Amino acid sequence: MDLSLDHRFEKDNILVGKLDDLINWARSNSQWYFQFGLACCAIEMIAAAQPRHDLERFGAMPRASPRQSDVILVSGTVTLTMATRVKRLYYQMADPKYIISMGSCANSGGPYWEHGYHVLKGVDLIIPVDVYVPGCPPRPEALIEGLLELRKKIREETPLRKVS
Amino acid sequence: MELAEIITRVNTAVPGAIVPTEDDAGFIQVEPKHWLKVAQLLKDDPELRFDSLMCITGVDEGPEGRLWAAYNLHSMELLHKLEVRIFVNRKNGSIPSVANLWRTADWHEREAYDLIGIKFKGHPDFRRILLPYDWEGHPLRKDFETPDYYRGMPVPKDKRGWE
């Protein structure tokens, strides 16, 4: 008789696995995103959430409160006035929190990179970005790709162990 | 009503208000000190009746040039248009506010102040409209210099390592 763990409980409806995997599975399949629809990218983000592209099949669902969300989706031009709010709301979110920067403006300042006195040249100057989605604006498919990349990233995490 | 007739009419009611310009300029230039009277006339005169202020545009021509505001007026009743330009002193000049005559002027004047830095005297609520309250300077002025930091956030693009 094989006494290794994964065979011992085979007939008792018991699965043996890593708790890390369970946590990552749960986290990566419920990316509720905090919608920062700041400019025209917001239209594509909305289109991605609508039935045709249907972000909810990936467990991603728009939220309007930092308390309920796991991912910040910065879609659009981050003006300096808005940047203070983005930063503040980022610190109000509970861990774990991830950030997707969508579109050229949020990535690097976009068309305002030289003469925009009022635009932050990339949202990564104030908060740590996990995934950059390029485009001006990116199509909904690109945003979905970005979300799937983030999902891959989350699945490689080890929330219970510290990696040296 | 044609522009020449409007000029004659304003000149007879408020003598010396209009600064003579070229004939085909297409606008009238008014001295700031006469502007309130002229505005009142333009609005109330039965032959003029400019009941709608469409836009106020602030213009800065650079440190050596002029600083001025253009008012675009339209009469819904008589269907004629007029552009009024008022030039101000760059250092300490101001224009009397017409926010009490045309309500549109309220936000337009605040915008011209916010971005160009033209001051409007007698405005009911004179503060910045678009930029944050702690912003320094008027960014659409030609001599405006972008600050390096705003509340700890870097403003100009970091181009190190580009070439």
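The values are calculated or read from the model by the stated rules, or taken from the named source; none is laboratory data. What you are looking at is a predicted structure, and each value in this text was computed from that prediction instead of being measured. Cβ: placed from backbone, ideal geometry, glycine included. Neighbour counts: every protein chain shown. For accessibility, only protein heavy atoms count, side chains too; no ligands or nucleic acids. Shrake-Rupley method; radii C 1.70, N 1.55, O 1.52, S 1.80 Å.
Please count how many residues of segment A:125-164 are closer than 20 Å to residue A:44 by Cβ, open to solvent by 60 Å² or more (accessible area, probe 1.4 Å) and of a type in the set (Asp, Glu).
So the answer is 3.
Give the residue, chosen from A:60, A:94, A:106, that is out of contact with any Lys or Arg (no Cβ under 6 Å at 6 or more places or on another chain), over 16 Å from residue A:30 (Cα atoms) and among the small types (Gly, Ala, Ser).
Answer to the check: A:106.
So, in segment B:123-146, of the ones that are touching a residue at least 24 places away in the same chain (Cβ under 8 Å) and farther than 24 Å from residue B:98 by Cβ, which residue ends up surrounded by the most Cβ atoms within 10 Å (Cβ to Cβ)?
Applying the filter and picking the extreme gives B:139.
For segment A:1-44, how many residues meet the condition of being in a loop (DSSP other than H, G, I, E, B), hydroxyl-bearing (Ser, Thr, Tyr) and under 26 Å from residue A:90 (Cα atoms)?
Here the count works out to 1.
Mind telling me which of the residues A:149, A:157, A:141 ends up being within 23 Å of residue A:21 (Cβ to Cβ) and in contact (Cβ under 8 Å) with a residue 40 or more places away in the chain?
The unique qualifying residue is A:157.
Please verify whether residue A:116 is within 14 Å of chain B (Cβ to nearest Cβ), more than 21 Å from residue A:66 (Cβ to Cβ), among the small types (Gly, Ala, Ser) and touching a Leu at 6+ places or on another chain (Cβ under 8 Å), treating the condition exactly as stated.
Values: within 14 Å of chain B (Cβ to nearest Cβ): yes; more than 21 Å from residue A:66 (Cβ to Cβ): yes; among the small types (Gly, Ala, Ser): yes; touching a Leu at 6+ places or on another chain (Cβ under 8 Å): no.
Spelling it out, it is not the case that residue A:116 is within 14 Å of chain B (Cβ to nearest Cβ), more than 21 Å from residue A:66 (Cβ to Cβ), among the small types (Gly, Ala, Ser) and touching a Leu at 6+ places or on another chain (Cβ under 8 Å).
Return the pairs, sorted by first residue and then second, in which the second residue is β-branched (Val, Ile, Thr) and open to solvent by 60 Å² or more (accessible area, probe 1.4 Å), the first residue lies in segment A:78-91 and is within 8 Å of another protein chain (Cβ to nearest Cβ) and within 16 Å of residue B:130 (Cα to Cα), the beta carbons are less than 8 Å apart, and the residues are 6+ apart or on different chains.
Pairs that qualify, where the first residue is within 8 Å of another protein chain (Cβ to nearest Cβ) and within 16 Å of residue B:130 (Cα to Cα) and the partner is β-branched (Val, Ile, Thr) and open to solvent by 60 Å² or more (accessible area, probe 1.4 Å): there are none.
Among B:37, B:33, which is the only one that is in a helix (DSSP H, G or I) and over 22 Å from residue B:104 (Cβ atoms)?
Being in a helix (DSSP H, G or I) and over 22 Å from residue B:104 (Cβ atoms) holds for just one of B:37, B:33, which is B:33.
Considering segment B:102-122 alone, what residues qualify as being closer than 17 Å to residue B:35 by Cα and surrounded by fewer than 18 Cβ atoms within 10 Å (Cβ to Cβ)?
B:103, B:104, B:119, B:121, B:122
Kindly indicate whether any position in segment A:47-67 is buried (at least 23 other Cβ atoms within 10 Å of the Cβ) and in contact with a Gly (Cβ under 6 Å, 6 or more places away or on another chain). Write out each step before concluding.
If we filter segment A:47-67 for residues that are buried (at least 23 other Cβ atoms within 10 Å of the Cβ), which is where we start, we get A:48, A:60.
Next cut, in contact with a Gly (Cβ under 6 Å, 6 or more places away or on another chain) only: none.
Scanning segment A:47-67, I find no residue that is buried (at least 23 other Cβ atoms within 10 Å of the Cβ) and in contact with a Gly (Cβ under 6 Å, 6 or more places away or on another chain), so the answer is no.
Could you tell me whether segment A:13-33 includes any residue that is at positive phi, out of contact with any helix residue (DSSP H, G or I) (no Cβ under 8 Å at 6 or more places or on another chain) and open to solvent by 80 Å² or more (accessible area, probe 1.4 Å)?
Yes; the residues of segment A:13-33 include at least one that is at positive phi, out of contact with any helix residue (DSSP H, G or I) (no Cβ under 8 Å at 6 or more places or on another chain) and open to solvent by 80 Å² or more (accessible area, probe 1.4 Å).
State yes or no: is residue B:5 part of a loop (DSSP other than H, G, I, E, B), at pLDDT below 90 and surrounded by fewer than 17 Cβ atoms within 10 Å (Cβ to Cβ)? Spell out how you get there, then give the answer.
Numbers: part of a loop (DSSP other than H, G, I, E, B): no; at pLDDT below 90: yes; surrounded by fewer than 17 Cβ atoms within 10 Å (Cβ to Cβ): yes.
The answer is no for residue B:5.
What strands (runs of 3 or more DSSP E), lying completely within segment A:45-164, carry at least 1 residues that are at pLDDT 90 or above and closer than 17 Å to residue B:153 by Cβ?
Where strands (runs of 3 or more DSSP E) fall fully within segment A:45-164 and carry at least 1 residues being at pLDDT 90 or above and closer than 17 Å to residue B:153 by Cβ, they are A:71-75, A:98-102.
Okay, residues lined up against (1) of a type in the set (Phe, Trp, Tyr); (2) surrounded by fewer than 16 Cβ atoms within 10 Å (Cβ to Cβ); (3) more than 16 Å from the chain's Cα centre (by Cα):
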{"residue": "A:71", "(1), (2), (3)": "no, no, no"}
{"residue": "A:82", "(1), (2), (3)": "no, no, yes"}
{"residue": "A:86", "(1), (2), (3)": "no, no, no"}
{"residue": "A:89", "(1), (2), (3)": "no, no, no"}
{"residue": "A:95", "(1), (2), (3)": "no, yes, no"}
{"residue": "A:99", "(1), (2), (3)": "no, no, no"}
{"residue": "A:119", "(1), (2), (3)": "no, no, yes"}
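Does segment B:96-119 hold any residues that are touching a residue at least 40 places away in the same chain (Cβ under 8 Å) and more than 21 Å from residue B:134 (Cα to Cα), and which are they?
B:96, B:98, B:101, B:102, B:104, B:105, listed by residue number.
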